[in-house]
Amino acid sequence: MSNRTTVTEFLLLGFSDIWELQILHVLVFLVIYLAALVGNLLIFMAIAFDHHLHTPMYFFLMNLSVVDLGSISVTVPKSMANSLMNTKSISYAGCVAQVFFLLSFLTADFSLLIVMAYDRYVAICQPLHYEAMMNSRACVRLAASAWISGILYSVLHTGNVFALTFCNGNIVDQFFCEIPQLLKLTCSDSYLREVRVLAFSICLALGCFVFIIVSYVQIFKSVLRIPSEQGQHKALSTCFPHLIVVSLFIFTGFFAYLKPISSSPSTLDLVVAVLYSMVPPVMNPIIYSMRNKEIKGALRRLTGWKLFTNN
């Protein structure tokens, strides 16, 4: 491939050439996808239909559920369809769309996690000002900012990547169009601009992560000053799930983009991609509902399942 115009499609990584293993791949991905779909839809519906949960924290959690649904829907269905049809191809336009939407959802996800950390900080460290600072207008603006930041960031990266010249073939060593793997296909002298943008993005993300950590240090200090043990437990029950979700998202994402890119397909690349693109959408509903009695109660009222009891 001498220039970008000759690339009309990309070939994604296949899990196996053996039909039985392809079916196994489809079944595993289908179970993961359905778990994410059902879990996030239940969280969304529980918050939307239960007026007890119409608060800023759950409003942001509802947005997070939508983002998680979107992010896993960008990659998993295409991978399953390719296995079922015994093909590895994705069109050039399809690859562009996959990069754009995945980056949009992942960036919005990270932005919402920052907003949720700020919400917990205000709720616990400045409770007297909480209603004034986190009113409905402020919540809508914060959520909209998260979505818009995702779109703008994705436009920047997608435009940069696909403005490059692909001169090293069209085989992507990943089950979806991932930026580090696409950069391997570009000419050695043409991808430095995107590398600089990625480096700046990582520094910015690290700064945001430091902000989250500092916020939680202040939160834990405030929690320790709460006189009742019940009050401490209630405050921590809303913070620990968020901290777990943030850590899972940050560390898997950073590892995926900071580790050296292997010259050939590697199991590590595949595992890391699964961890940051598929595990958070599946785990977030579980993490947020396990220690949260309000979510459990709303799910019980919504579904009538005895699984979601407060015991």
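The values are calculated or read from the model by the stated rules, or taken from the named source; none is laboratory data. These figures come from a predicted structure and were not determined experimentally. Please note: Cβ atoms are built from the backbone with ideal geometry, for glycine as well, and neighbour counts cover all protein chains shown. Note: areas computed on protein heavy atoms with side chains; ligands, DNA, RNA excluded. Shrake-Rupley method; radii C 1.70, N 1.55, O 1.52, S 1.80 Å.
Among the residues of segment 47-59, write down those that are open to solvent by 60 Å² or more (accessible area, probe 1.4 Å) and free of Cβ contacts under 8 Å to residues at least 12 places away in the same chain. Across segment 47-59, the qualifying residues are His51, His54. Please enumerate the residues belonging to segment 4-46 that are in contact with a Pro (Cβ under 9 Å, 6 or more places away or on another chain) and not hydrophobic (A, V, I, L, M, F, W, C). Passing the criteria: Tyr33, Gly39, Asn40.
When the residues of segment 18-64 are narrowed to those that are of a type in the set (Gly, Ala, Ser) and over 20 Å from Met134 (Cβ atoms), which ends up nearest to the chain's Cα centre (by Cα)? Looking at the filtered set, the residue picked out is Ala36. Please verify whether segment 96-113 includes one or more residues that are more than 22 Å from Ala205 (Cα to Cα) and acidic (Asp, Glu). Within segment 96-113, not a single residue is more than 22 Å from Ala205 (Cα to Cα) and acidic (Asp, Glu). Taking the condition modelled with pLDDT under 75 and open to solvent by 60 Å² or more (accessible area, probe 1.4 Å), does Lys234 pass? So Lys234 fits the description; yes.
Inside segment 71-127, can you point out the residues that are of a type in the set (A, V, I, L, M), modelled with pLDDT of 90 or more and over 18 Å from Ser149 (Cα atoms)? Across segment 71-127, the qualifying residues are Ile72, Val74, Val76, Met80, Ala81, Ile90, Ala93, Val96, Val122. Could you tell me which residue of segment 221-231 is modelled with the highest pLDDT, considering only residues that are loosely packed, with under 14 Cβ neighbours inside 10 Å and either touching a Cys at 6+ places or on another chain (Cβ under 6 Å) or of a type outside the set (S, T, N, Q) (or both)? My answer is Lys221.
Of the helices (runs of 4 or more DSSP H) entirely within segment 92-201, those holding at least 3 residues that are buried (at least 17 other Cβ atoms within 10 Å of the Cβ) occupy 92-125, 136-162, 179-183.
Beta carbons closer than 6 Å, at least 6 apart along the sequence or on distinct chains, pair a first residue in segment 87-106 that is closer than 15 Å to Ile179 by Cβ with a second that is in a helix (DSSP H, G or I) and of a type in the set (Phe, Trp, Tyr) for Val96/Phe162. In segment 1-46, the residue that is most open to solvent (accessible area, probe 1.4 Å) out of those that are touching a Ser or Thr at 6+ places or on another chain (Cβ under 8 Å) and β-branched (Val, Ile, Thr) is Thr8. Being in contact (Cβ under 8 Å) with a residue 12 or more places away in the chain, of a type in the set (A, V, I, L, M) and open to solvent by 50 Å² or more (accessible area, probe 1.4 Å) is the filter here; which residues of segment 74-86 pass it? Once the filter is applied, which keeps residues that are in contact (Cβ under 8 Å) with a residue 12 or more places away in the chain, of a type in the set (A, V, I, L, M) and open to solvent by 50 Å² or more (accessible area, probe 1.4 Å), segment 74-86 yields only Leu84.
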